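Here the structure is laid out as structure tokens; the discussion comes afterwards.
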Amino acid sequence: MKILVTGAAGFIGYHVIKGLLNQKHLVVGIDNINSYYDEQLKYARLEDTGIKKSKIKPNEYVQSNIFNSYQFIKMDLNEREKLQSLFEREKFTHIVHLAAQAGVRYSIQNPYAYIDSNILGFINILESCRNHPVEHLVYASSSSVYGNNDSIPSKETDITDTPSCLYAATKKANELMAYSYANLYKIAATGIRFFTVYGPWGRPDMAPSLFMSAILKNEPIHLFNHGHLERDFTYIDDIVEGVLKVVPSPPKQEIPHNIYNMGCSSPVKLNTLLNTIENVTGKKAIVILEEMQPGDVISTYADTTRFKRDFNFQPSISIQTGIRKFFQWYMEFYETH
């Protein structure tokens, strides 16, 4: 397979690329390396796949010095003509679209970033697939599309018409857009609703990183909804294994579009997450209890029956094991960066 991975410098993108390369696929990664969070973490991920920061220039190929089958291009998805030219030149067989403006609270501060990246960026991917057909488009959706749904655990068949924030609305829009292109142009597409992914190289704006950093620095932690929010924390290795099963398996039905939940099916309260980090670090947190924040949801909890049925796989790494591995990486990485 020859695979384009968007969001190559991102958390999930970095790990998926390493998984694909270990399976000996040809991979081209693209990312605009925006400043939503620490760019140095993004460059460090790229360096770990053999892409030197000093070699990166806009819209130019950089060859990995670790993997012969990997090249990276710094590119913005909204550069439509350059994206179309890339598709025409490379003749990709598969697309793994992971680029997005992430974050719930940031969508309240900067809504246009979400429209530019998540809506306009995605239509450019779809149009590129229409003009230069691929075997399968796999794209990232999110558990946030369920909003504060009363149906727990969340099933793919649940109604998702009440997003709690703009980020969730853009992810729901992506699903509708992909379905329409599958219907009109028979573009085989699979959306994966990720549930709170964490682990080594993880985003610094997510609770595991925020809590870990604050505890180690003796800084206060703000626990929203008094710590009673629940998240279906899913370890990155489980996510990668799931994605690698999806990529070579395009939908076969008349309208070739599928949606899958990908989560651990074991929601954890933020209080419990914090206690787990305290146990791993051997330090006590300074906690400030806060009220619910706009855009947050009370609980995420994945029903993964459909994914287990179709791919015989269920994410299973416990929060205790995952946080221990995350802590080991965190200490090693931040001692050297």
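Where a number appears in this text, it was derived from the coordinates with a stated rule and is not lab data. Quick caveat: nothing in here was measured; it's all calculated off a predicted structure. We place every Cβ from the backbone using ideal geometry, glycine too, and count neighbours over all the protein chains shown.
How big is the dipole moment of the chain about its Cα centre under a simple scheme where the beta carbon of each Lys and Arg is +1, that of each Asp and Glu is -1, and everything else is neutral? Debye, nearest 20, please. Present the calculation step by step, with values, prior to reporting the outcome.
Numbers: 34 positive and 35 negative charges, 159 e Å.
So the magnitude is around 760 debye.
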Crossing angle, helix 80-90 versus the chain [Cα axis fit, 0-90 degrees, rounded to tens]: 70
Under 15 Å from the Asp205 label point (7 Å along Cα→beta-carbon), backbone N, region 35-66: 35-42
Matching label, semi-axes √(5λ) of the Cα gyration tensor in Å computed from the structure shown, candidates [x] 31, 29, 17; [y] 30, 24, 18; [z] 27, 23, 21: [y]
Separation between Cα centres of region 49-116 and region 121-164, rounded to whole Å: 20
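For every other residue with a beta carbon closer than 9 angstrom to the beta carbon of Lys74, add +1 if it is Lys or Arg and -1 if Asp or Glu, then tell me the sum.
Values: positive: Lys57; negative: Asp31, Glu60, Asp76.
Here the count lands on -2.
With each run of n ≥ 4 DSSP H residues scored as -39500 (n - 2.57), what mean residue ellipticity at 222 nm is computed for the chain after dividing by its residue count and rounding to the nearest 500 deg cm²/dmol? Provide the component values of the computation, followed by the final result.
Numbers: 12 runs with 131 residues, N = 337.
Rounded to the nearest 500, the figure is -11500 deg cm²/dmol.
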Calculated FRET value between Asn279 and Gln109, using beta carbons and R₀ = 35 Å, to 0.05: 0.55
Span from the region 288-337 Cα centroid across to the region 193-246 one, whole angstrom: 5
Packing-based exposure ordering (other Cβ within 10 Å, fewest first) of Leu244, Leu216, Leu229: Leu216, Leu244, Leu229
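Give, as a single signed number, the net charge of other residues whose beta carbon lies under 15 Å from the beta carbon of Tyr146, with Lys and Arg counted +1 and Asp and Glu -1. Spell out each step's value before the answer.
Working: positive: Lys155, Lys171, Lys172, Arg193, Arg231, Arg306; negative: Asp150, Glu156, Asp158, Asp161, Glu175, Glu230, Asp232, Asp296, Asp303.
The answer is -3.
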At most 10 other Cβ within 10 Å, DSSP loop - GluC sites (Glu not before Pro), region 228-267: Glu254
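Evaluate E = 1/(1 + (r/R0)^6) for Leu184 and Glu135, where r is the Cβ-Cβ distance and R0 equals 22 Å; express this FRET efficiency to the nearest 0.05. Before the final figure, lay out each step's value.
Details: r = 18 Å, r/R0 = 0.80.
Efficiency at R0 = 22 Å is approximately 0.80.
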Beta bridges by DSSP in the chain, antiparallel share as percent, to the nearest 5: 10
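Given a Förster radius of 30 Å and the C-beta distance between Thr336 and Lys82 as r, what FRET efficiency does 1/(1 + (r/R0)^6) yield to the nearest 0.05? Each step should come with its number before you reach the end.
Values: r = 35 Å, r/R0 = 1.16.
For R0 = 30 Å, the calculated efficiency reads 0.30.
Around Leu216, what is the net charge, scoring Lys/Arg as +1 and Asp/Glu as -1 over all other residues with Cβ under 14 Å from its Cβ? If you can, show how the numbers build up before the last one.
Numbers: positive: Lys217, Lys283, Lys284; negative: Glu219, Glu278, Glu332, Glu335.
Net local charge, Leu216 excluded: -1.
Which whole-number percentage describes the relative contact order of the chain, with Cα contacts under 8 Å and a sequence gap of 6 or more? Let's see the in-between values first.
Working: 668 pairs, mean separation 56.9, N = 337.
Contact order relative to length: 17 percent.
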